[in-house]
Amino acid sequence: MDGIVGIYGPNDDQLVSKTFLATGACQHRGKASTGLAVGNGKGIYIYKGLGRIAEVIDQDLVRTFQHLEPVAAIGNIGYTKRKIAEKINVEPIEIFPRKDSKYKVVLTMDGYLLEDKDLKADLDAHYSLQTDNKTEIVGALLHRYVEQEGIGFTAGERLIHKLRGRATFALSALVYDGKETHLLILNDEKAFEPLCYASIHGTFVVCSESCSHRRLGGMSEREYDGAEMTLCSSKGIETKRLVHAPMTPDIFQGVYFGNVGSVFRGKEIFQLRKELGLELTDYYRDSRADIVIPNPESGWGVTVGIAEGLNRPLYPALIKLPQAVRTFQEGERKTRTKEVGLKFGGIYSLLAGKNIAMGDDSIVRGSVSEGGSVWVVYEAGAKYLEFWISYGPMFFPSFKEWHRGINCLHELAVQRAFRGRNPYDKSLDEINAEVAKLVGVDEVKYNALDRIRKVAGEGSFQALDASYPIDEAFWPDWLKKEVDTFQRYRTAV
């Protein structure tokens with residue numbers, strides 16, 4: 001879940017500073033790496049490294065890049081591509097054709113590509129692939145189509161068709177043709193990855209989230225539809241939808257990954273999460289809670305809705321501590337468990353002797369319970385804990401985890417709670433009860449899929465119902481069997 005930015009402003013003497021600020025506003029999406037690239041009439045220049053943006057980019061670099069008088073820039077906040085982050089995989093990535101080319105392409109991408117061996121084999125004769133990052137494969141294909149078709153919409157349409165059914169992507173690219181640098185923006189036809197744009201004081205700004213636009217003092221004009229492409233050059237700025245197909249935006253982006261101040265498919269993310277909390281209280285109605293608390297930080301939105309729906313006081317009784325780390329990015333459950341225990345401190349005067357309703361966005365692996373926030377609440381003296389969850393029971397892993405094999409299925413909380421048994425023919429109440437035992441709370445209250453759809457709209461609910469944006473031909477065999485079992489039993493519930 002990288003954060004990406006693309007900015008075009010030939011006369012903007014703050015272009016690089018704006019790229020830095022807009023990219024930094026996406027920091028929630030990645031801790032592994034940061035990179036910026038700028039382009040002018042002489043070429044494209046890149047700077048990148050491991051770490052958060054303030055650790056990699058300083059004001060001296062911003063000034064140096066601005067002295068190059070760039071017309072366009074792109075930025076990336078990188079999610080961990082491998083278990084151990086490596087600088088070679090940091091974006092933006094330059095594409096290196098084996099033969100001299102008129103075009104230079106540098107790009108960054110949010111998304112994922114499956115089953116790329118055939119693509120690599122095809123590209124290897126023509127491109128020197130430098131990284132293990134799938135963005136480079138997409139970039140090499142883009143370069144190929146630009147080389148064949150020129151910098152235009154046909155090249156984008158060919159890339160969409162080539163990756164159809166096997167990838168999701170939102171990309172921002174600088175393309176230099178020997179005379180000027182163009183900014184090229186493109187996403188997949190399903191619009192699975194979030195992407196939006198705005199014109200702010202005459203400068204065109206594209207980003208993963210609208211919080212970047214607000215950081216620059218503007219507001220998003222709109223989110224990209226599927227297969228939509230923008231070309232920015234000295235000829236002007238033109239946006240065109242290349243393929244008209246049903247869109248399936250990733251609903252979990254709004255439920256969890258997005259910044260609360262951003263907009264997701266037309267609705268502010270905080271409001272979306274609050275409405276999910278209200279739907280929860282309308283569905284369950286009863287609660288023993290004396291007070292309502294959030295599981296920081298992503299639990300705040302849903303918890304506001306829960307408190308309002310239950311008409312109970314809302315308190316920040318769990319505090320994220322300064323040494324907190326981003327545990328959702330850790331692959332090992334034991335590592336996540338230990339680090340979750342470092343994240344929180346409980347306020348005893350608010351929790352001791354109380355019945356607590358705690359709100360959170362989701363339960364993915366369930367490691368929140370093992371030495372984490374649940375333990376902190378009970379250790380502070382809480383008598384009873386209800387765990388209210390804005391999302392539904394997650395039966396399936398994200399397709400971006402499939403490369404880890406069947407373990408990414410077995411480690412999910414619902415699968416662990418029903419280990420050796422079939423979870424798919426169980427009612428929501430039965431699932432709630434088993435997951436409550438697993439995570440060590442008195443009650444779990446998952447949201448129902450129809451309630452989530454009512455709030456967030458149509459899209460991909462891949463973890464809840466296997467509505468993947470990937471064609472079944474690219475699914476691993478173990479997943480095909482699991483989804484077949486799910487469909488066979490779930491229809492009876």
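Every read-out reported here was derived from the displayed coordinates using simple, explicitly stated rules and does not represent laboratory data. All values reported here derive from a predicted model rather than from experimental measurement. Note that we place each Cβ from the backbone using ideal geometry, even for glycine, and neighbour counts take in every protein chain shown.
Odds and ends about this structure:
- Overall form of region 408-493 per C-alpha gyration tensor (a/c, 1.5; a/b vs b/c): oblate
- All Cα pairs of region 268-490, percent lying beyond 33 Å: 13
- Rg and Dmax of the chain, both derived from C-alpha coordinates alone, stand at 23.1, 73 Å.
- For region 3-247, with +1 on Lys and Arg beta carbons and -1 on Asp and Glu, the positive-most of Leu174, Thr239, Met109 along the dipole: Met109
- The order of Lys87, Lys343, Lys162, going from fewest to most other C-beta atoms within 10 Å of their C-beta, is Lys87, Lys162, Lys343.
- Legend: residue pairs Lys48/Lys83; Lys102/Lys400; Lys240/Lys480; Lys426/Lys454; Lys83/Lys343; Lys267/Lys445, Cα-Cα distance threshold 29 Å; pairs beyond threshold, Lys102/Lys400; Lys240/Lys480.
- Its Cα centre serving as origin, region 48-117 has a Cβ charge dipole (Lys and Arg +1, Asp and Glu -1) of approximately 280 debye.
- Counting only Cβ charges, +1 for Lys and Arg and -1 for Asp and Glu, the dipole size of region 3-247 around its Cα centre is about 300 debye.
- Ordered by the number of other Cβ atoms lying within 10 Å of each residue's own Cβ, fewest first, Met219, Met394 fall into the sequence Met219, Met394.
- Degrees separating the helix 428-439 axis from the principal Cα axis of the chain, which is the longest one: 90
- Listed values for region 444-461 are Karplus-derived 3J(HN,Hα) couplings in whole Hz (6.51 cos²θ - 1.76 cosθ + 1.60, θ = phi - 60°), namely 10, 10, 6, 7, 8, 4, 5, 5, 5, 4, 4, 7, 8, x, 6, x, 8, 10, and x replaces Gly and Pro.
- Computed from phi, the 3J(HN,Hα) profile of region 10-26 under the Karplus parametrisation 6.51, -1.76, 1.60 (θ = phi - 60°) reads x, 10, 8, 7, 10, 4, 6, 4, 5, 5, 4, 5, 5, 5, x, 5, 8 Hz, with x in place of Gly and Pro.
- Considering region 3-247 at the alpha-carbon level, its Rg and Dmax are found to be 16.2, 46 Å.
- Amide hydrogen proximity for Arg241: with H placed 1.01 Å from N in the peptide plane, the residues at 5 or more positions away or on another chain lying under 5 Å are Met229.
- Helix 269-284 and the longest principal axis of the C-alpha atoms of the chain enclose an angle of approximately 30°.
- Alpha-carbon centroids, region 215-248 and region 21-44: separation in whole Å: 19
- Panel order for Asp477, Asp177, Asp471, by other beta carbons found within 10 Å of each beta carbon, from fewest to most: Asp477, Asp471, Asp177.
- C-alpha long axis of helix 134-149 to longest principal axis of the chain, angle in °: 40
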